[in-house]
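Have a look at the structure below before the remarks.
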Amino acid sequence: MRVTWEEGGRGGSGWEGLSPDVGRCRLPVWDCTAGLVAGEDAALLVDAGSSVREGAWLRARARRLLGGGHVTHLALTHPHFDHVFGAAAFPGAEVFGAAGIERVLGDGREELRADAVRNGADPRGAADAAGLLVRPRHLVADEHALDLGGGLRALLANVGPGHTGHDLAVLVTGGGSPAIVFCGDLVEESGEPQAGPDAVPAHWPAALDRLLALGGEDAVYVPGHGAVVDAAFVRAQRDALAHRFDVP
């Protein structure tokens, strides 16, 4: 469906339209991307924000953009608090993640809560979100295709490991627009890619090779943090990571 995007850009004040059917917003504090793909029959949200409150904000904004419709599918790109803590705000959605993410969101709740607090999250809100963490019902080991209606399709691809052990990318095609790839934090534009203790540096450049093969040269690439980029940016970041971690 064609959406009138509430332009506003960074800081949670609005949505950046990437095509008539696809938009994203840059949430405040951590400049984290959330994406919305609006098909005729279904709507996919990519990542859910850094708290239950932020997830509820996304749900309300998505419903308004969808003309009263609801988010039916939720894709979590990787198991970091700023991308998954809002998932409990979407109780009716079918939730997807890369295979293995369910273990992190189950056994790793306390570490996610602690990481959120270390990064400045409200301790009480972080504890609430950790207690309500949603483990995806649909685990993607390779690829999973979604037909959202109206010729709009989303391909969920397990392209990791890299930024974490469980990185999911979302390729959106159809609607007469160029392909759009939601990269999660495999790609970052607003700063150097962050490699925490759960990163797999030796495999990160190969994950970006898979990402580029997925989207191709003409795709729009949406980082987990920062402005939209092109294939040349992704390739340059791939080479920088290979040099940084001394891998091919």
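The values are calculated or read from the model by the stated rules, or taken from the named source; none is laboratory data. These numbers come from a predicted model, not from an experiment. Every residue, glycine among them, receives a Cβ derived from its backbone with ideal geometry; neighbour counts consider all protein chains shown. Side chains included, ligands, DNA and RNA excluded: accessible areas come from the protein's heavy atoms. Shrake-Rupley method; radii C 1.70, N 1.55, O 1.52, S 1.80 Å.
Filtering segment 163-186 to residues that are open to solvent by less than 10 Å² (accessible area, probe 1.4 Å) and at positive phi leaves only Gly184.
Output the residues belonging to segment 51-75 that are outside any loop (DSSP other than H, G, I, E, B) and of a type in the set (Gly, Ala, Ser). Of everything in segment 51-75, those that are outside any loop (DSSP other than H, G, I, E, B) and of a type in the set (Gly, Ala, Ser) turn out to be Gly55, Ala56, Ala60, Ala62, Ala75. Of all residues in segment 116-145, which are of a type outside the set (A, V, I, L, M, F, W, C), surrounded by 13 or more Cβ atoms within 10 Å (Cβ to Cβ) and free of Cβ contacts under 8 Å to residues at least 60 places away in the same chain? Passing the criteria: Arg135, His138, Glu143, His144. Scanning segment 194-240 for residues that are closer than 24 Å to Gly17 by Cα, assigned to a helix (DSSP H, G or I) and in contact with an Asp or Glu (Cβ under 8 Å, 6 or more places away or on another chain) yields Ala231, Phe233. For Ala207, which of the numbered conditions (1) over 16 Å from His83 (Cα atoms); (2) surrounded by fewer than 21 Cβ atoms within 10 Å (Cβ to Cβ); (3) small (Gly, Ala, Ser); (4) in contact (Cβ under 8 Å) with a residue 24 or more places away in the chain fails to hold? The single condition Ala207 does not satisfy is (2). Being of a type outside the set (Ser, Thr, Tyr), open to solvent by less than 10 Å² (accessible area, probe 1.4 Å) and at pLDDT below 95 is a description that does not apply to Trp5.
Answer with yes or no whether Gly14 is outside any helix (DSSP H, G or I), within 18 Å of the chain's Cα centre (by Cα) and over 24 Å from Asp167 (Cβ atoms). Answer is yes for this residue. Of the residues in segment 147-162, how many are farther than 28 Å from Asp239 by Cβ and open to solvent by less than 10 Å² (accessible area, probe 1.4 Å)? Count: 4.
Checked against (1) assigned to a loop (DSSP other than H, G, I, E, B); (2) in contact (Cβ under 8 Å) with a residue 60 or more places away in the chain; (3) touching a helix residue (DSSP H, G or I) at 6+ places or on another chain (Cβ under 7 Å), Gly165 passes all but a single condition, namely (3). When the residues of segment 82-122 are filtered to those that are part of a loop (DSSP other than H, G, I, E, B) and among the aliphatic types (A, V, I, L, M), the one that is farthest from Leu152 (Cα to Cα) is Ala121. Taking the numbered list (1) of a type outside the set (Phe, Trp, Tyr); (2) surrounded by 17 or more Cβ atoms within 10 Å (Cβ to Cβ); (3) touching a residue at least 40 places away in the same chain (Cβ under 8 Å) in turn, Pro248 passes all entries but (2). Of all the listed residues (Val117, Val170), the sole one being β-branched (Val, Ile, Thr) and more than 17 Å from Gly39 (Cα to Cα) is Val117.
For Pro79, the stated conditions hold: it is open to solvent by less than 10 Å² (accessible area, probe 1.4 Å) and either over 15 Å from Gly125 (Cβ atoms) or outside any loop (DSSP other than H, G, I, E, B) (or both).
Residue count for segment 34-59 satisfying the condition of being open to solvent by 10 Å² or more (accessible area, probe 1.4 Å) and either closer than 25 Å to Thr173 by Cα or acidic (Asp, Glu) (or both): 5. For Val29, are the conditions met, namely being in a helix (DSSP H, G or I), surrounded by fewer than 24 Cβ atoms within 10 Å (Cβ to Cβ), touching an Asp or Glu at 6+ places or on another chain (Cβ under 9 Å) and touching a residue at least 12 places away in the same chain (Cβ under 8 Å)? Considered against the rule, which asks whether it is in a helix (DSSP H, G or I), surrounded by fewer than 24 Cβ atoms within 10 Å (Cβ to Cβ), touching an Asp or Glu at 6+ places or on another chain (Cβ under 9 Å) and touching a residue at least 12 places away in the same chain (Cβ under 8 Å), Val29 comes out as no.
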